[in-house]
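Following: one structure in structure tokens, then a few remarks.
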Amino acid sequence: MGFGEAISSGFSSMTNFSGRAKRSEFWYWILFIYILQFVLYLLGGLLGRNDNAFVSFIFLVIGIVLWLATIAVGCRRLHDTGKSGWLQLLLIIPCVGAIILIIFWAQPSQPGDNQYAPAA
């Protein structure tokens with residue numbers, strides 16, 4: 001899956017917490033999020049985000065939408081490795097939780113069908 005396909009899939013499946021997501025879909029989505037964060041950070045500086053309540057509200061809405069889509073693609077990625085999406089709650093544990101999840105997200109896909117969805 002390419003960069004554009006991953007972004008399209010991320011937005012079209014932003015409320016879909018079932019199924020599977022390949023490694024490329026997940027990591028391209030994360031790359032997109034970081035690029036978008038950088039652009040929004042620059043744009044916020046130009047628009048005076050701290051001085052304008054409307055701009056702050058728009059940024060908040062964008063953040064919530066992207067957070068929901070990221071949680072969904074992370075859940076599907078864990079399903080692809082044969083793990084429960086609830087493991088994302090490990091992010092509550094400072095540092096260690098994120099490291100564990102990065103290791104899980106980087107693992108190869110589970111071959112064949114699993115309990116979450118058939119192989120793509």
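The values are calculated or read from the model by the stated rules, or taken from the named source; none is laboratory data. Values in this document were obtained by computation on a predicted structure and should not be read as measured data. With ideal geometry, Cβ positions are generated from the backbone for all residues, glycine too; neighbour counts draw on all protein chains shown.
Things to note:
- Residue selected from the range 19-40 under the condition more than 14 Å from the chain's Cα centre (by Cα) and surrounded by 12 or more Cβ atoms within 10 Å (Cβ to Cβ), by the criterion modelled with the highest pLDDT: GLY19
- Flag if LEU89 is out of contact with any His (no Cβ under 8 Å at 6 or more places or on another chain), aliphatic (A, V, I, L, M) and touching a residue at least 40 places away in the same chain (Cβ under 8 Å): no
- Some residue of the range 54-63 being within 12 Å of PHE26 (Cα to Cα) and under 19 Å from the mean Cα position of the chain (by Cα): no
- Taken together, the residues in the range 81-109 that are assigned to a helix (DSSP H, G or I) and either of a type in the set (Lys, Arg) or surrounded by 12 or more Cβ atoms within 10 Å (Cβ to Cβ) (or both) amount to 12.
Yes/no per residue for (1) without any contact (Cβ under 8 Å) to a residue 24 or more places away in the chain; (2) of a type in the set (A, V, I, L, M, F, W, C); (3) on the phi < 0 side of the Ramachandran plot; (4) in contact with a helix residue (DSSP H, G or I) (Cβ under 8 Å, 6 or more places away or on another chain):
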| site | (1), (2), (3), (4) |
| --- | --- |
| PHE17 | no, yes, yes, yes |
| PHE38 | yes, yes, yes, no |
| LEU42 | yes, yes, yes, no |
| PHE54 | yes, yes, yes, no |
| ILE58 | yes, yes, yes, no |
| VAL61 | yes, yes, yes, no |
| VAL65 | no, yes, yes, no |
| CYS75 | no, yes, yes, yes |
| GLY82 | no, no, no, no |
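- Residues in the range 19-36 that are of a type in the set (Val, Ile, Thr) and touching a residue at least 12 places away in the same chain (Cβ under 8 Å) were compared, and the one that is farthest from PRO111 (Cα to Cα) is ILE33.
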